[in-house]
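Below is one structure, written out as structure tokens; comments come after it.
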Amino acid sequence: MDLAKTISIVDPAKLQLLAHQLSPNAKVRANEPLAKKTTLRIGGPADAYIEPATEADLAAVIRFCAEQKWPWRMIGRGSNLLIRDGGIRGVVLSLAQPRFCEIQVSGERLICGAGVKLKQVAMEAKRHGIGGLEFLEGIPGSLGGAMRMNAGAMGGSTFDLIETIRTMDLTGQIVEFPAANIPVVYRSCPLFKTHIALGAVFKGQSAPRESIEAKLNEASRKRWSSQPAAPSAGCIFKNPSTIPAGRLIDELGLKGMRVGGAVVSDVHGNFIVNDGHATARQVLDLIAAIQEKIRAARGIEMETEVEIVGEDK
Ligand code: EPU
């Protein structure tokens with residue numbers, strides 16, 4: 001093992017200095033394990049992990065990181081994330097504090113912080129008789145993560161329902177945009193390479209609660225019957241334009257294929273599940289093996305949908 005790779009680049013004294021600049025409720029931790037912050041339950045530690053309590057804290061952290069030349073990245077619910085076994089050098093930021101997890105309802109609009117779970121948005125919409133947001137129930141992430149990748153399910157995508165977005169640029173300034181002006185594509189929103197998602201306003205339509213409930217139940221039933229309950233990072237590959245990745249993997253007989261504790265799900269071919277002991281290395285090796293089989297059989301280059309970050313051990 002190359003030890004040099006796993007040595008923290010965050011000086012603990014400087015991290016303390018940063019902690020003193022933040023509000024008392026901000027969390028600042030060194031060498032924080034991250035595996036349990038991902039739905040796949042895999043990955044090494046972050047050099048530093050920070051939960052800002054306010055937008056001003058967040059701005060202070062990104063400015064401090066720029067001064068120190070510390071790389072940083074946001075983490076949402078970790079539902080689309082594969083963190084390598086050596087963990088993440090620099091700072092990992094999460095908008096998990098209450099300030100970023102609020103939902104306010106105004107008429108047919110829901111004003112949501114980036115830290116809220118999409119499931120909560122769907123539930124709050126139901127409670128207020130706002131329809132059209134039911135498919136969000138099935139996406140297991142936070143709003144911030146879903147905005148970054150324009151997450152979708154059941155034929156709908158996050159940006160279909162958003163009216164305006166609130167962001168912070170890399171200098172710490174707050175910038176709001178009408179969503180209609182933001183270019184989005186399948187599973188990607190390039191704006192978030194240069195902006196942090198802080199929140200969004202969803203717009204639905206008033207609807208009878210029973211019809212919302214029926215749609216939620218139908219979406220949930222479909223998901224539980226077609227997707228595995230075991231720990232996973234959702235769909236591993238983007239769907240190629242010609243065939244859904246799950247069907248392709250199924251047709252090639254790759255379900256059940258395994259590298260160590262990483263297994264292609266028997267329920268849905270585009271999910272790799274962690275049977276309890278998988279490492280990131282094993283998941284990556286399984287991804288490469290699937291890519292190779294598909295390349296050889298069909299000549300298709302499979303692109304990963306899951307975000308792969310960090311360093312090898
Ligand atoms: N299929 C198979 N075998 C399988 C899996 C799927 O034959 O093992 C077939 C299905 O029968 C269906 C087709 O492939 O005819 C598509 O499958 P599914 O309806 O499950 O949709 P998907 O394209 O595989 C997409 C999203 C999911 C989202 C579902 C539900 C992508 C890559 N995936 O899956 O999103 O939950 O629709 O709407 O776009 C994710 O983003 O992580 C994710 C899981």
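Worth pointing out:
- Taken one residue at a time, the phi angles of region 87-95 give Karplus couplings (6.51, -1.76, 1.60, θ = phi - 60°) of x, 10, 7, x, 10, 10, 10, 10, 9 Hz. Gly and Pro are set to x.
- When you restrict to C-alpha pairs under 8 Å that are six or more residues apart and normalise by the size of the chain, the relative contact order lands at 18 percent.
- Surface per residue (accessible, 1.4 Å probe) for the chain, Å²: 46
- Whole-Å distance, taken between Cα centres, linking region 119-187 and region 1-73: 26
- Region 1-79: relative contact order in percent, alpha carbon pairs under 8 Å with at least 6 residues between: 29
- Element breakdown for region 166-237 at a 1.4 angstrom probe: carbon and sulfur atoms account for 57% of the accessible area.
- Carbon and sulfur %, accessible surface of region 258-313 computed with the full protein complex present, 1.4 Å: 45
- Stokes-Einstein diffusion coefficient of region 20-66, Kirkwood radius over Cα pairs, 37 °C, 0.692 mPa s, in µm²/s: 282
- When nucleic acids and ligands are ignored and a 1.4 Å probe is applied, HIS20 ends up with an accessible area of around 150 Å².
- Counting only Cα atoms, the size of region 31-136 along its three principal axes is 46, 31, 16 Å, in decreasing order.
- With all protein chains modelled, accessible area of ARG295 [1.4 Å, Å²]: 90
- Equivalent ellipsoid of region 101-211: semi-axes from √(5λ) of the C-alpha gyration tensor, largest first, are 23, 14, 12 Å.
- Each principal axis of the chain carries a Cα extent, and these read 58, 56, 32 Å when sorted largest first.
- The Rg/Rh ratio of region 228-302, with both radii computed over alpha carbons and Rh defined as the Kirkwood radius, is 0.94.
- Take each peptide in 198-211, 138-151, 70-83, 176-189, count the other Cβ atoms within 10 Å of every residue, and average; sorted highest first, the result is 138-151, 70-83, 198-211, 176-189.
- Entries of LYS69/LYS117; LYS117/LYS255; LYS37/LYS119; LYS193/LYS255; LYS36/LYS203; LYS119/LYS203 with Cα pairs more than 27 Å apart: LYS69/LYS117; LYS117/LYS255; LYS193/LYS255; LYS36/LYS203
The values are calculated or read from the model by the stated rules, or taken from the named source; none is laboratory data. All values reported here derive from a predicted model rather than from experimental measurement. Heads up, the Cβs are rebuilt from the backbone with ideal geometry, glycines too, and the neighbour counts pull from every protein chain shown. Heads up: the accessible areas ignore ligands, DNA and RNA and are worked out on the full protein's heavy atoms, side chains in. Shrake-Rupley method; radii C 1.70, N 1.55, O 1.52, S 1.80 Å.
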